[in-house]
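Following: one structure in structure tokens, then a few remarks.
None of the figures in this text is laboratory data; all of them are computed from the coordinates on show. Just so we're clear, the structure is a prediction, and the values are computed from it rather than from any experiment. Positions of Cβ are generated from backbone atoms using ideal geometry, with glycine treated the same way; all protein chains shown enter the neighbour counts.
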Amino acid sequence: MKTLPWLHPGRVDALQAALRERILVIDGAMGTMIQRHELQEDDYRGERFAQGFDALHAPDGHAHGPACGCGGHDQRGNNDLLTLSQPKLISDIHAAYLAAGADLVETNTFNSTSISLADYHLQHLVGELNRQGAALARAACDEAQAMTPDKPRFVIGVLGPTSRTASLSPDVNRPGFRATSFDELAAAYREATAGLIDGGSDVLMVETIFDTLNAKAALFAIEDVFEARGGRLPVMISGTITDASGRTLSGQTAEAFWYSLRHARPLSIGLNCALGAKDLRPHIDILAQVADVNISTHPNAGLPNAFGGYDETPEDMATVLREFALAGLLNLVGGCCGTTPEHIAALVEAVRGLPPRRIPCLADAA
């Protein structure tokens, strides 16, 4: 891996200094907060996209909209589109998490890759969605930091797992079939990464990784962009354990997951989503023993109930994660599905004054 200077050396220094001093808090769920607004199709389109999308840049050269004669494409549920159609709503969510005490906020770009946006026929918006997603988070962080200059705030540029897996077939009758390839994934991640950097991200996070090959494509693409820019940002890696087996969807344990990706020299390795904090404990414990980088976790607010909601209260979640901190397992902590600013405020109090995990000096693996 080529040694490159930091793109934002001052902000990187501030982040690394903060990590040495205390456990940093990541924000909570974006989707959970958006769901509170009970948005409809017109809300997702907003004023900008009320009559359709940009025909000039659309893949098929046609502006799909409610009155286009071909039925258009529903956008309800496309939360990333709100970055452009409802920017104030997204900014307000960032501000709520910062007011709750979050040190880092994640961009609203979980699905802002050409692969995932293809489901909505919006691949042509990838660059703008990532730039604007990072810019909204950057503005919110700058405003919060202006009010509390002694507490720096940081933007995490989010790269989600995409809607496809490079290691597994989506068709049980064709086990050798793959819906995507390493090269396709890398191309999609390059485009998204460039936008996140242009928008002002302080750090990039490859998150909710269920397939390590997808993550490798993302990290490969990130390095390509860094080399082209002549500088780098810190990179966080966060996988997801899919069930009680303690493995990712592509079959790796937490320990194997780390050893597969440690070559990327990440700022942190961790786990998010899928499980609640209590069920993640043994897997975070393993990572804390083997990884010589920072450890992060941002679990769900428990497991989903019969209605798809999450029942773990801020106090319950904070109590469990405080135990993680007391055991010396955490450098960064936050929330995923079902968590709210109330959960983050409780986490801030739960880890206040507790020392961050000491990063072990481990022998370099061959």
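The region of the chain that goes longest without hitting one of the trypsin sites (Lys or Arg not before Pro) in a DSSP loop, each with at most 14 other Cβ atoms within 10 Å, is 77-351.
The gain in end-to-end length when the residue 13 to residue 253 segment is fully stretched comes to 83.2 nm, 0.36 nm per residue minus the alpha carbon separation. In a simple Cβ point-charge model (Lys, Arg +1; Asp, Glu -1; nothing else charged), region 286-343 has a dipole of about 160 debye relative to its Cα centre. Spacing of the modelled spin labels on residue 3 and residue 359, each 7 Å from Cα toward Cβ, amounts to 1.6 nm. Charge tally for residue 115 (other residues, Cβ to Cβ under 15 Å; Lys, Arg +1; Asp, Glu -1): -3.
Full extension of the chain segment joining residue 88 with residue 305 gains 75.1 nm, where the gain is 0.36 nm per residue of separation less the Cα-Cα distance. Residue exposure proxy: 21, 41, ordered by other Cβ atoms within 10 angstrom of their Cβ from fewest to most, comes out as 21, 41. Of the residues 273, 361, 337, the one with the fewest other Cβ atoms within 10 Å heads the list, and the complete ranking is 361, 273, 337. Of the residues 96, 208, 338, the one whose Cα sits farthest toward the positive end of the charge dipole of the chain, with +1 on the Cβ of Lys and Arg and -1 on the Cβ of Asp and Glu, is 208.
Under a model in which nothing but the beta-carbon of Lys, Arg (+1) and Asp, Glu (-1) is charged, the chain shows a dipole of about 880 debye around its Cα centre. Our note on the geometry: Cα centres of region 277-321 and region 125-179, 20 Å apart. Remark: 167, 116 ranked as 167, 116, counting other beta-carbon atoms within 10 Å and listing the fewest first. Most fluctuating residue of 309, 199, 334 in a GNM of the chain with Cα springs under 10 Å: which is it? Comparing 309, 199, 334 in a Gaussian network model of the chain, the most mobile one is 309. Of the residues 308, 321, 354, the one whose Cα sits farthest towards the positive end of the charge dipole of region 274-364 is 354 (charges of +1 on Lys and Arg Cβ, -1 on Asp and Glu Cβ, taken about the Cα centre).
Near residue 352: Cβ cut-off under 11 Å, other residues only, Lys/Arg at +1 and Asp/Glu at -1. The net charge is +1.
Once the Cα atoms are used to define both axes, helix 182-199 deviates from the longest principal axis of the chain by about 80 degrees.
Considering only the other residues whose Cβ falls under 11 Å of the Cβ of residue 195, what net charge follows from Lys and Arg at +1 and Asp and Glu at -1? Spelling it out: positives minus negatives among the neighbours equals -1.
Taking every DSSP beta bridge that has both ends in the chain, the antiparallel portion is near 5%. Here's the picture: a label point sits 7 Å out from the Cα of residue 265 along the beta-carbon direction, and within region 208-242 the residues with their amide nitrogen under 17 Å of it are 219-237. Compared with the dominant Cα axis of the chain, that is its longest principal axis, helix 314-326 is turned about 50°.
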